[in-house]
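What follows is a short report on a single structure.
Quick note: the coordinates plus some simple rules give every number you see, no bench work behind them. All values derive from a computational prediction rather than experimental measurement. Positions of Cβ are backbone-derived with ideal geometry, glycine not excepted, and every protein chain shown enters the neighbour counts.
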Amino acid sequence: GENVEQHPSTLSVQEGDSAVIKCTYSDSASNYFPWYKQELGKRPQLIIDIRSNVGEKKDQRIAVTLNKTAKHFSLHITETQPEDSAVYFCAATPFSGGGADGLTFGKGTHLIIQP
Amino acid sequence: DTEVTQTPKHLVMGMTNKKSLKCEQHMGHRAMYWYKQKAKKPPELMFVYSYEKLSINESVPSRFSPECPNSSLLNLHLHALQPEDSALYLCASSQDRNLGMVYEQYFGPGTRLTVT
């Protein structure tokens, strides 16, 4: 099955600086890579995603890059703000051949924004 | 309506009890999912339903029994659980895969289950 590795497990950055979280996946058939933000006690919220036919995607301060050859993808947050503090999960969707597939998540990165 | 709702928010049950978790969405999604999340861990996939049919069961013990009575509802029936089953149970929904295209999954707020 799919295996997703995520690094670092904890990331502390100064407010206003950039943060980068990296993930690798194992299944070359995976073709969808979302990123979720989860605040304490709340549901995972989709913040950005990328499909395997695209190399980069941006949404305001957030960007995701995908390198299919190397099987890795990264989340970039610029101009970090205190409200960016949360746990971030990367995920990949392996293809089972059926109509829907669940997500395989990385272990998560606890992002701490220092004021 | 762009939300996935789950009831109850919290549930405490004994090891001999039978209870059910409920999930509802009105986004017209035909794929629904159950995930289990332990503290400080990522969500782990349990079950996938596609067009009300169980399509993936990630080797989940039979004390967890999913049910999809219609395209908007997803239940998880619980029986004879163990204390280690205590976790946050998350429901999610998405459009079904179409011509290889995968769609976003939206999560409900979860049910926090404690087994005593």
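Observations on the structure shown:
- Close amide-amide hydrogen proximity is noted between residue A:85 and A:113, each under 5 Å apart and 5 or more residues distant or on a separate chain (H modeled in the peptide plane; Pro and chain starts excluded).
- Chain B: C-alpha gyration tensor shape, a/c 1.5 cut-off, then a/b vs b/c: prolate
- 3J(HN,Hα) couplings calculated from phi for the range B:65-76 with the Karplus curve 6.51 cos²θ - 1.76 cosθ + 1.60 (θ = phi - 60°) are, in sequence order, 10, x, 8, 10, x, 7, 5, 9, 10, 9, 10, 10 Hz; Gly and Pro show x.
- From largest to smallest, the equivalent ellipsoid semi-axes obtained for the protein assembly as shown from the alpha-carbon gyration tensor read 30, 21, 15 Å.
- Note on chain A: GNM, Cα springs under 10 Å; of A:80, A:24, A:69, the largest mean-square fluctuation is that of A:69.
- For the range B:15-73, size of Cβ-based charge dipole, Lys and Arg +1, Asp and Glu -1, in debye: 320 debye
- Bridge orientation summary for the protein assembly as shown: considering DSSP beta bridges with both residues in this region, about 90 percent are antiparallel.
- Ordering of B:19-27, B:78-86, A:51-59 by burial proxy (mean other Cβ atoms within 10 Å per residue, highest first): B:19-27, B:78-86, A:51-59
- Taking chain B and dividing mean pair separation by its residue count, relative contact order in percent (alpha carbons under 8 Å, at least six apart): 36 percent
- The DSSP beta bridges internal to chain B are antiparallel in roughly 90% of cases.
- Per-residue mean of C-beta atoms belonging to partner chains within 10 Å, peptide A:104-110: 3
- Residue by residue along B:50-57, Cβ atoms of other protein chains within 10 Å of the local Cβ number 3 on average.
- The range B:31-85: Rg to Rh, with Rh as the Kirkwood radius over Cα pairs: 0.97
- Net charge dipole size for the range B:54-116 [Lys, Arg +1 and Asp, Glu -1 on Cβ; Debye, nearest 20]: 60 debye
- Inter-chain shielding of B:33-46 (mean C-beta neighbours from other protein chains, 10 Å cut-off): 4
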